[in-house]
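Quick notes on the structure that follows.
What follows draws every value from the coordinates through simple rules; no lab data is involved. Small disclaimer: the values here were computed from a predicted structure and weren't measured. Cβ atoms come from the backbone with ideal geometry, glycine included; neighbour counts cover every protein chain shown.
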Amino acid sequence: MAGPQRTRAALVALFAAQVLLTAVPASGAGAGLSEREPVYTDEWWSEYHATADVYDLIKAVAAANPDIVSLSSIGSTHESRQLLVAKVSDNVGADEEDEPDVLVIAGTHAREWTTYHAAAYLLNYLTGHYRRTPEGALLVSPPGVLDNDSFASWIVDNREVYIFAMVNPDGIEYAHTTDNLWRKNREPNPGVVGLACTGTDINRNFDWHWGELQGDSHVACADDYAGPLRADGYAGIVGWRPGESLPGAFSTAEARALRDFELAHDFKTALSLHSYSGLVLYPWGHTGDPSPDDADFVAMADVMANQTGYTPQQGYDLYKTAGVWDDWTYGVAGAYAFTIEMGHEFQPPAEEILMQAQLVLAPELYLAEVADDLHLLAPVVEVLAEPSREVDANAEARVTAKVDAFNGVDGGKVSLVYSTDDGATWAERPMAAGADGTTHTGDLPALRAGGQALYFVRATDNEGITRSGPKAAPYQAFEVHAKNGLLDQLGTLGLLAVLGGAGLAGALLYLRFGRARITAALPRLPRLPRLPALPGKGRRAAPTAAAPSASPEGGDFESALDSRPGLRRFLDESR
């Protein structure tokens, strides 16, 4: 019985210690707080969805994340569907001038179903993986852990991302219900021919060299019908008249809504998702001549091609197109505009939807990252010499970083940013530049034994472009630990809890099992000799009897101790 009883007592003691420990607050800025999760699981992308489902997703994501998502209607279609745009940013209600605007559009052509599913995935991903809790606490990871989540969080904090998931909701609905290869919108066309042929190709309806190419049809029944030739509504059979004024651009409600929306913002980068061909396209489409920023376009397209495995090329090299969105967005609205032709089918098997949506996530985030760095000259920050490590307690810890900045970095623009409370608050110290101009050093404040600090290095070049090492800071940061210090690691309450639990365990075990055994293990003291009565006034004489011997040997108390060396050691040690 002793075994089960001992086990039961130990469990009681352990439970008592656990109760004490759970009363101690956990460390970490996000401790006890709710992390965000995607509103929709990946299962939603296991099948194709029509207009109503996508609108439900957009509205549900916005409702679940009101602090970082806002919805606006930028117009309505011929069939009275709202053209919904979701804005994602940390201060979503403000227009922050220091945060570049980024635009992602999809669903321009009705039959290209994977495109708007990918845009919906981007919205769900940015919000569901944002690593600042609804309570405002920051969740920090070391580099190499949750890299994508941390980078997406950095995007939300430093960019204003606008997602227009369904440019052509009328056409998409028609493609799902009636003709799955339908391409255009559903707006009726003017003229006799127009009565028989509905819809315009929205991606041929922008006023950038509109109608200049014979390849852009002005026949209303054509899939790539660019719009009526003249404002009076005439729709020609051939329709191309060199040199004639062609005011038919922006004849569609969808193109007009995009035009007004883009001109009301200052988009730096923009992406349109199409399918199919596995291509990354950039301006121009109406001519084979390179654009003024061709070198930047080529460099960016190469990065996105490496991310996706797609082929980068100028739009004109695919086929000649005029009045297309990306040419107008670059030539008039001023944004670096790209088109990604996703996959190799308009409607691939449903099991490919998620894969294709995830594939274009990297270029979507990349274009958001470089929105303040169109010439790709941002500083590169690298923290050297064991960034995360153990350091001596009560001594400053040296941090060395290399900053490569094409635009230069003047003094005071490289900072050591650190937190000693798990990312709840941050402070910074300027770092000193070395003789080579690229190496910078700074010292973290001294930490008590067992303490820790998170840190990163931030650099702002002379053009105002800011980058950090790690890249996604503060959602990723290096960490240093001061040596030793159990008391500091546990905290006073934690140590008291452990000691209290251990003490309680010991007491319970003693009371249940140890008391009798300890008493039995002590050496038995000898019976002390009875002292004879002393003669004295008023005292009766002791009865005559043989006095008991003081010890087995008949000696006094000291003699008895001498005869029991174990007893003498016990008494000597207990004094």
*asked:* I need the calculated FRET efficiency for the pair Lys483 and Thr400, taking r as the beta carbon distance and R₀ as 22 Å, to the nearest 0.05.
replied: 0.60
*Sequence-distant residues sharing a close amide H with Ala393 (under 5 Å, placed H)*: Lys483
_Leu263 versus Asn462: modelled label distance in nm, points set 7 Å from Cα along the beta carbon direction_ = 3.8 nm
*asked:* Please rank Asp101, Asp260, Asp67, fewest neighbouring Cβ atoms within 10 Å first, as an exposure proxy.
replied: Asp260, Asp67, Asp101
_Eligible lysines near Lys402 by straight Cα distance, threshold 26 Å, same-chain separation 8 or greater_ = Lys413, Lys471
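Based only on other Cβ atoms within 10 Å, what is the fewest-to-most ordering of Thr420, Thr108?
Values: Thr420 18, Thr108 29.
The fewest-first ordering by Cβ neighbours comes to Thr420, Thr108.
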*Can you grab the distance from the C-alpha centre of region 97-175 to the C-alpha centre of region 243-307, Å, no decimals?*
20 Å
*Gain in length, Asp67 to Glu79, computed as 0.36 nm per residue apart minus the alpha-carbon separation, to one decimal in nm?*
1.2 nm
*Where labels lie 7 Å past Cα in the beta-carbon direction, separation of Ala362 and His375 in nm*: 2.8 nm
*What's the extension gain from Val219 to Asp443 if we count 0.36 nm per residue and subtract their Cα-Cα distance?*
73.6 nm
*Report the calculated FRET efficiency for Leu181 and Glu351 (r = Cβ-Cβ distance, R0 = 25 Å), to the nearest 0.05.*
0.75
*Size of the dipole of region 100-202 about the Cα centre, Lys and Arg at +1 and Asp and Glu at -1 on the beta carbon, nothing else charged, in debye to 20?*
120 debye
*Does anything in region 402-416 have its amide N under 14 Å from the 7 Å Cα→Cβ label point of Ala385, and if so which residues?*
402
